[in-house]
Amino acid sequence: MDLNENFAAKAEKCFIRVIAGAQKGKIIAAPGPDFTFGRALEADIYIKDKLISRRHCRLVFVDGKWYIEDLGSTNGTWVMGQKIEKKVVLPFRTSVRIGRSIFEILMPGAATKTSPLDVERITCNIPLLDFCDEQECGTSSHAAMSLRPNRMLELFVFQNSISFVLEPIELYHRIIDGLRRILPLTAAYVLVFDLESGKFVTVSGWRDDFLEDGAEAVDKSIVSYVQENYQSVIVRGVAPSPGVRRSVMCVPMLTREHSNGMLYVCLDDAEKEYGEDDLWLLTVAGHTAGMTLQHRNMLEFNFRNERMVATGTSAAEISHYIKNILAAMEGSFSLMQMGIDDKDIELTAEAFGIIKRNHLRLGNVVLNLLNLASEQKLNVKVSDLGKVIRDIVELVGPNLKNDGIDFDVDLASLAKPICVEMDANGIYRVLLNLVNNAEHAVLQKKTKIDQQNVGTVRLRTEIDADRSHVRVWVEDDGIGISPEEAKRMFDLFITSKGAAGTGLGLAVSRRIIEAHGGKLFAEGEKGKRCRLTFVLPLVHNDNSTNTCAISI
């Protein structure tokens, strides 16, 4: 039975149990159906913690359910390891972290734990509240000491397999693969808390081929028991089908007293079943996985904050840059008006060209800022890279020609599709940034206003010998770069253009390419040349690099 089903609760009879922090172990009666946490005395529940905002979060009781929302706090409100962005349902016995404190809502009169699972089915359990106290968070010493030497080696292999993985989906898959190496398995699942539904859901799973559809279903009563009691358990005597004996292990992915999810494994075997040693191993693996997931979430949170701070510190410089663009456009409007009044077509066309170029520069600044301040969300589908390049040539070719720059592009090599799984708009912006960067480098050699044959910008595509990747490079023979400049030119707010640049374009371009699973790098020679190259994986069809179904 789910912890929150068939239960008509009354707010005034609920309790808040503090699991970690300055008031650890304290049980507080709910002040009412609507109350706040904070470090200001006017908050309904006061917590002395510098990491908590004055009015940090709010809990509201509606139609038998508790809801929680963050009140614009500095460090956020985290439910089951996830930072909430809006009001979400808060089931009973679901951990919430604010600052250094962790708390949960208890059912009316539930100062002690209850069990929705028949305790006679539990043949072994490990109380996690004793296993992971505040002084030992980040270690698993007394669990690890219970393991045999060969199991310690298995645990070491598991820990290494999930280290340094930042993408959640990849991390979940790595956890499953790691469990398959250290335990006998019929099926294995990673469950995490879903903020929308207020329940644990499966995010990754594996099952042996002989299982029939539906036989691998996760037992919700076991999940509820582990969630409520903070225990690792073995449950035997489960009969998924006639003649099959199943043993199940379920452990929290715990950090301190805070759960980031669960590991759920089962074994269908007539002769073997899980033992206490297996449970200890899975418990330590769950703790390792929980710490890895929390580390990943905190890195993402800190990265967002640092990116916003960096954006704010450069606001003055960017504002000055935008002001220069607007001034140039204002002067061009005056020229255009003069051309219209005097019916001077050439003057009007010249003014229009200046306005168009400055409008493009302004649009690039805005788009770069949006990419810098927000998550990079790609609209990925199989597209023709050649079409993107031809669009770039059509857009910037006339401008380069007017500036006395030769734009050398091998259009014949683009006759057949170059199929790449990509966000076409994102790659378009990358190419535009690279070509604009090359144009500026060449223009630095210009000595006269009407000078022609100033230099050359080349754009080429090259398919690797193994036909797995395509390289695209933009090279110019402008002022060039040194090896030291090549290393730093993709750093945020680093620019060689002075007041004519923001230091955003190349940094954002690298971020877009890396989001595609590719890489962007620079090379060159001071005073002679600069080449910017990015590499993207190709999409193959019938072993032909230049043939695929293009999405329109």
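The values are calculated or read from the model by the stated rules, or taken from the named source; none is laboratory data. Every value quoted in this text rests on a predicted model; they were computed, and no experiment measured them. Methodologically, a virtual Cβ is constructed for each residue, glycine included, from the backbone with ideal geometry; neighbour enumeration extends over all protein chains shown. Surface accessibility is based on the protein's heavy atoms, side chains included, excluding ligands, DNA and RNA. Shrake-Rupley method; radii C 1.70, N 1.55, O 1.52, S 1.80 Å.
Annotations for the structure displayed:
- Residues of the stretch 198-235 that turn out to be over 28 Å from Y67 (Cβ atoms), at pLDDT 80 or above and of a type in the set (A, V, I, L, M, F, W, C), as a count: 4
- Residue count for the stretch 516-540 under the criterion of being open to solvent by 50 Å² or more (accessible area, probe 1.4 Å) and either charged (D, E, K, R) or under 25 Å from the mean Cα position of the chain (by Cα) (or both): the result is 9.
- When the stretch 339-365 is filtered for residues that are modelled with pLDDT of 80 or more and of a type in the set (S, T, N, Q), only T348 remains.
- Condition met for L434 (of a type in the set (A, V, I, L, M) and not in a strand (DSSP E or B)): yes
- Summed over the stretch 39-70, residues that are open to solvent by 60 Å² or more (accessible area, probe 1.4 Å) and outside any strand (DSSP E or B) total 10.
Matching residues to (1) among the hydrophobic types (A, V, I, L, M, F, W, C); (2) at pLDDT 90 or above:
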position: G25; (1), (2): no, no
position: P31; (1), (2): no, no
position: F37; (1), (2): yes, yes
position: E42; (1), (2): no, no
position: I45; (1), (2): yes, yes
position: K50; (1), (2): no, no
position: R55; (1), (2): no, yes
position: L71; (1), (2): yes, yes
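- Checking every residue in the stretch 324-335 against the condition of being out of contact with any Gly (no Cβ under 6 Å at 6 or more places or on another chain), open to solvent by 50 Å² or more (accessible area, probe 1.4 Å), at pLDDT 80 or above and not in a loop (DSSP other than H, G, I, E, B) gives at least one match.
- Output for the stretch 1-23, where each listed residue is modelled with pLDDT of 50 or more and among the charged types (D, E, K, R): K10, E12, K13, R17
- The set of residues from the stretch 405-422 being out of contact with any strand residue (DSSP E or B) (no Cβ under 8 Å at 6 or more places or on another chain) and closer than 28 Å to K356 by Cα comprises just one member, L411.
- Checked against (1) open to solvent by less than 60 Å² (accessible area, probe 1.4 Å); (2) farther than 21 Å from R429 by Cα; (3) modelled with pLDDT under 60, G503 meets all criteria but (2).
- The stretch 19-38, subset part of a loop (DSSP other than H, G, I, E, B) and charged (D, E, K, R), residue surrounded by the most Cβ atoms within 10 Å (Cβ to Cβ): K24
- Taken over the stretch 451-475, the criterion of being open to solvent by 80 Å² or more (accessible area, probe 1.4 Å) and touching a residue at least 40 places away in the same chain (Cβ under 8 Å) is satisfied by Q452, N453, R458, R467.
- Residues that are at pLDDT 70 or above number at least 1 in the following helices (runs of 4 or more DSSP H) confined to the stretch 79-197: 149-161, 168-182.
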